Each structure stands twice: as C-alpha cells, then as structure tokens.
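Notes follow the structure.
The values are calculated or read from the model by the stated rules, or taken from the named source; none is laboratory data. Because the structure is a prediction, the values reported are computed rather than measured. Reconstructed Cβ throughout: ideal geometry from the backbone, glycine too, with neighbour counts over all protein chains shown.
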Amino acid sequence: MNQKIPSTLLFVTSNPNKELEVRKILNKNGVSFQHMDANYQEIQSSSLKTIAAESARCLYEQLKNPLFLEDSGLFIEQLGGFPGPYSSYVYKTIGNSGVLKLMSNIGNRTSRFESVVAYAENHKNIHLFSGIVSGRIADKKRGKGWGFDPIFIPGNCDETYAEMGIESKQRVSHRYIAFTKFSDWFKTNG
Ligand code: IMP
C-alpha cells in the first residue's frame, strides 16, 4: 500500500514571544503546527512581503517541508516609514529609547505595525497574508512588554501594547489580523 506520510506544518521563528502569540491565535482557530526554533537569512528589501516570501522559499528549499514564518515592522509616518523593514536592526541597536529620541521634536506620532505571514506550501507556492494596525508612538515607554510593545499605542486606545497585556493585544494586533487571515484560508485550502 502506498501510504502518504503526513508532513507537519512548521512555524520557523527564534522569537519566543511571537511563538506564544501565534500559538494562542492558531490553537483557537484549530490549526496545529510544530515550532522550529531557528534563525534564517533575510534578503534586504523595502518590502516586508518580498522579505517574507523569499525567506519562506529559501527555507522550503532547505527543509522540504511545508512551513510558515512571519516578518513584521513598525512604520513611523513622520520618519518616512522608518524603521519599517529595518525594525529588527533598529530595535537591537538604538532600541525604544533611541526611537523616542528620534521622535522627541515630532508632534505627529502616527505610525503603523505590519505583519506578513508567508506560508510555503512548496517551493513554488508561497501564500502571503498581511495585517496592519494604525496607531501612534507613545511619549515615553509604558508597561512591560517585548520589542516595541512599550511605545506603540494601537488605534484609538489609550494603552500601549505592553500595558494592554497579551490577551487584549491579541484581540487587536497586526499579528492577530494576519494570522486570522492565514488560519481561515488554511482550514479550507491548506
Ligand atoms: P521581525 O518580524 O522578527 O523581523 O521583527 C522586527 C522587529 O519588530 C523586532 O525587533 C521585533 O522585536 C519587533 N516586533 C515585531 N512584532 C512586534 C510586536 O508585536 N510587538 C513589539 N515588537 C514587535
């Protein structure tokens, strides 16, 4: 008998905070996956979609297994969308204090968080799902949270992502929007 061995869907990320948030969203939506804790090489591009798609394609070539990953970024309007695709580098180098310093004389603090999920079904079929949340940069760090959570205030809220805590963040976040689109699609097409 020619029995097909089911392959496990992998989520590749070295960020435990992302893994926790994504697990909560996908568990609730009935999509199971296995976490693979790995760093991967990202190409340079001004587009999160291009970065996510190329990373997923390269990883599929290496692992030969269906997988998904997420690329996200914080885009500040008055800084021309900076740090955007360079968010990770900016966070590691100047951090939240550095971003607040750059914004010190800027009144319009409009910004957005974007998430792009790239699902590699195989090396040819890469499916993308995005989530965008508009908001603003706080005047100072507020609350305890990872990454830019202490300085990003979503939508019309008064609290930063960090002050909201994970359960409330999960109801409004860029990640929640992107992964809900992915799981809705995956349940019928995956
Ligand atoms: P990446 O998607 O891992 O490349 O994330 C880019 C940068 O944005 C990293 O420095 C993350 O810490 C930060 N980041 C991504 N998503 C979030 C979030 O939900 N909250 C706070 N920071 C985030």
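Since ASP149 meets every condition but one in (1) free of Cβ contacts under 8 Å to residues at least 24 places away in the same chain; (2) more than 10 Å from the ligand (Cβ to nearest atom), which condition does it not meet?
Only one criterion is unmet by ASP149, namely (2).
If I ask for residues that are more than 25 Å from ARG109 (Cα to Cα), of a type in the set (D, E, K, R) and not in a strand (DSSP E or B), which ones from the range 42-77 would you list?
Answer for the range 42-77, where residues must be more than 25 Å from ARG109 (Cα to Cα), of a type in the set (D, E, K, R) and not in a strand (DSSP E or B): GLU42, GLU54, ARG57, GLU61, LYS64.
With the requirement that a residue be surrounded by fewer than 13 Cβ atoms within 10 Å (Cβ to Cβ) and either under 15 Å from the mean Cα position of the chain (by Cα) or within 15 Å of the ligand (Cβ to nearest atom) (or both), what does the range 62-97 give you?
Those that are surrounded by fewer than 13 Cβ atoms within 10 Å (Cβ to Cβ) and either under 15 Å from the mean Cα position of the chain (by Cα) or within 15 Å of the ligand (Cβ to nearest atom) (or both): TYR89, LYS92, THR93, SER97.
Identify the residue in the range 79-123 that is under 19 Å from GLN41 (Cα atoms) and out of contact with any strand residue (DSSP E or B) (no Cβ under 9 Å at 6 or more places or on another chain) and, among all such residues, is modelled with the lowest pLDDT.
Only one residue fits best here, namely HIS123.
Within the range 31-57, restricting attention to residues that are away from the ligand (no atom under 15 Å from the Cβ) and either of a type in the set (Gly, Ala, Ser) or without any contact (Cβ under 8 Å) to a residue 60 or more places away in the chain (or both), which residue is surrounded by the most Cβ atoms within 10 Å (Cβ to Cβ)?
PHE33
Within the range 98-147, track down each residue that is of a type in the set (Gly, Ala, Ser) and part of a strand (DSSP E or B).
Listed by number, the residues that qualify are SER111, SER115, ALA118, ALA120, SER130, GLY131, SER134, GLY135.
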